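The structure appears below as C-alpha cells.
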Amino acid sequence: LSCGQNVINNARKYAFLENAVWLFVVLRSDKSKLVKVLLAKNCLSEKLEKNSQSNLHCGSIIHFSSMDAYAASENGLLKGLNFGSNSFVNLSEISNPSAAEPVDYLHWLTDEDGAPTLLLCTCRDGRLRIYKTGDKSWNEFFHLKSGHGRVKGLCSLDENVIVLCRESGDLIILNAEREEEVKVNVGPEISRMRQNQFNHNVVATGGKENDLKLWSLSEPQMPLFSAKNVRNDFLDLRVPVWIRDIAFVSENILATCTAYGQIRSYDTRCGQRRPVVDFHWFEDSSFTAMTNHEDNKIIAGDTRGRVGLFDLRAKVKLVHNFKGFNGGVTSLQCHETLPYVISSSIDRFVRVHELETKKMLYKVYCKSRINHVILNKNGCSFSSALHADKNSPTVDEVDDESSDTYDSESESTGSGDSDVMPFNNQTDYVSHSSKQD
C-alpha cells in the first residue's frame, strides 16, 4: 500500500486487514470496494480516501519511499523489502527473469557525498551492476574477465577498488577507474570470502578441502595466516575440511562454520594454527551461513533450517535457537545498532528475529529463492517499522491465531503475478510450486 505511513501504522492494528487486501488483489475486485471496507473499520481516514483510490493498484508494482532491506534472487531480480507492510518490490529492469542469470551477492558502496546509496550487485555471468537507491536507476559497472562460478564474497576498499572472490578460487582486486584486474589464486572450490570489518585490508577465505587463510590486499602473494586441520579422530582418520562461512569476532579472532557441522574459532595472536574452539551443534548439521554478533557471539544456520546464537567463550555454547524456518538458510546479517537479525532461506521467505527474545517479528514472502539479503545502511525505516506499534502482535502470534484464509484454489486464482505479498501461514506457499517472479 502506498497510502502513507499513517495508513501502514493503522493497518497493523487490525488482523483482518492483510487478508482483506490480499483477497481483493487475488480476485481483482473493484478498488473502491476495498477502500469502503477499510473506511468502515476506521483503517483509513477520510482525508486519505481520495489518495487511496488513486494509489491502490491491484496487481501492479507498489513503490515505497524507503526500503528496509534488499534481496538478491536466484532468477536475477533485485528485490526491495519493506517490513512495515510485509511486502516487496521488484527493482530489476528484467522483463523475463531467468534462473540462468542469478544475482549472487550484494554490497554497499558510497557515493560522492560519502553516503551508502549505491548497491553493487554481482551476476553469475560476471557482470557487476550498480543500483542507485536515490533515483532508482541502474548502471553497468564492470564485466569480469577472470574466474568462473558463483561470487562467494564481495567487499570494497573505496568506491573504485572492489574485491571479490569466485568459486574457482580467483581473488580479484578490481580497480574500476583504471579498469584493471589483479588476480590471486587462493585455492580451489572456495565457499566464502569475508572482509575483516576491523581491518579492511585483510580478507579471509575458505572452502572445500581449502582451510582458512587470511590475506593482505596490499600484498596478496602469500597468506598472512594459514589454518591447520584438527587432529585425527578417535579412529585415527583425517577429519575432512569444508568451510562454508566465516565471521570476524574481533580484529584477531574469527570463527568458521563447516558443511560437517563444526563451529571453530581461531586466534591469530596466540601462534596456534589449529582452532582454539571446536564443537558440534547437531551431528546431522551442515552449516550454510554465519554472521557475528557482539563480542565472542556468532549466529549460524544450517541446511535444515536451524539457526542458533552461540557464545564462543561459554561452556554451553548455544545461547538459544531461532524458530520459524522451513528450509536451509542462505544468508544471515545482524543489524549494526539494533538487536535484530535478518535471514533468508530456500523456502523463499526473508525473516527478522529479535536477538534477545528469539521472536520472529517479520517475514516477507519473496516468490523466488534468495541468495543474499542485506540491510539498508541508510536505516530509513527499519527501526521505525519495528517500533511503530509495540502492542501489535508478532508474526508468531498472528500465525497462531489466524486461519488458513488462502487455500490452493484462491492462490491459483491470483496466478502469482502480484508484487505485493503479505505474510501468512508459510506452509501455504511452500507446499505449492508457484511461478517464480
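All of the numbers you see were taken from the coordinates with simple rules; none came from a lab. Source: prediction; values computed, not measured. Don't worry about glycine lacking a Cβ; one is built from the backbone with ideal geometry, like all the others, and counts go over all protein chains shown.
Restricting attention to region 154-212, which trypsin sites (Lys or Arg not before Pro) occupy a DSSP loop and are surrounded by at most 10 other Cβ atoms within 10 Å? For trypsin sites (Lys or Arg not before Pro) across region 154-212 that sit outside H, G, I, E and B with at most 10 neighbouring Cβ atoms in 10 Å, the list reads 178. The packing ranking of peptides 344-354, 307-317, 108-118, highest mean first, is 344-354, 307-317, 108-118, where packing means the average number of other beta carbon atoms within 10 angstrom of each residue. Under 5 Å from the amide H of residue 107 lie the amide H atoms of 120, each residue being 5 or more positions distant or on a separate chain, with H modelled from the backbone and absent for Pro and chain starts. Region 68-180 gives an Rg/Rh value of 0.96, both radii derived from C-alpha positions and Rh following Kirkwood. From most to least packed by mean Cβ count within 10 Å, the peptides 224-235, 243-254 give 243-254, 224-235.
Phi angles across region 153-170 convert, under the Karplus curve 6.51 cos²θ - 1.76 cosθ + 1.60 with θ = phi - 60°, into 3J(HN,Hα) values of x, 8, 7, 8, 9, 7, 5, 10, 9, 10, 10, 9, 9, 9, 4, 6, x, 8 Hz, Gly and Pro given as x. Between residue 66 and any residue 5 or more places off or on another chain, the built amide H atoms are never under 5 Å apart.
When only DSSP loop residues count, what GluC sites (Glu not before Pro) in region 146-207 have their Cβ near at most 13 other Cβ atoms within 10 Å? Let's see the in-between values first.
Numbers: sites: 159, 167, 177, 179, 180, 181, 189; in loops: 159, 167, 177, 179, 189.
Taking region 146-207 and a limit of 13 other Cβ atoms within 10 Å, the loop GluC sites (Glu not before Pro) found are 177, 179.
At the listed q of 0.19, 0.20 Å⁻¹, the Debye profile of region 262-388, built from one uniform point per Cα, gives log10 I(q)/I(0) equal to -1.08, -1.17. Taking amide H as placed 1.01 Å from N in the peptide plane, residue 150 has its amide H under 5 Å from the amide H of 167, each at least 5 places away in sequence or on another chain.
Stokes-Einstein diffusion coefficient for region 239-332 at 10 °C in a medium of 1.306 mPa s, Rh from the Kirkwood formula over Cα pairs: what value in µm²/s? Mind dumping the intermediate values first?
Working: Rh = 13.2 Å.
In µm²/s, the coefficient rounds to 121.
Cα centroid separation, region 248-290 to region 142-196: 24 Å. For a paramagnetic label modelled on residue 316 (point 7 Å from Cα along Cα→Cβ), amide N atoms under 20 Å away belong, within region 272-300, to 278-283, 296-300.
By how many nm would the segment from residue 138 to residue 295 lengthen if fully extended, with 0.36 nm per residue of separation less the alpha-carbon distance?
Numbers: separation 157, 0.36 × 157 = 56.52 nm, distance 3.76 nm.
Result: 52.8 nm gained on full extension.
As a ratio to 2.2 N^0.38 Å, the alpha-carbon radius of gyration computed for region 121-197 takes the value 1.08.
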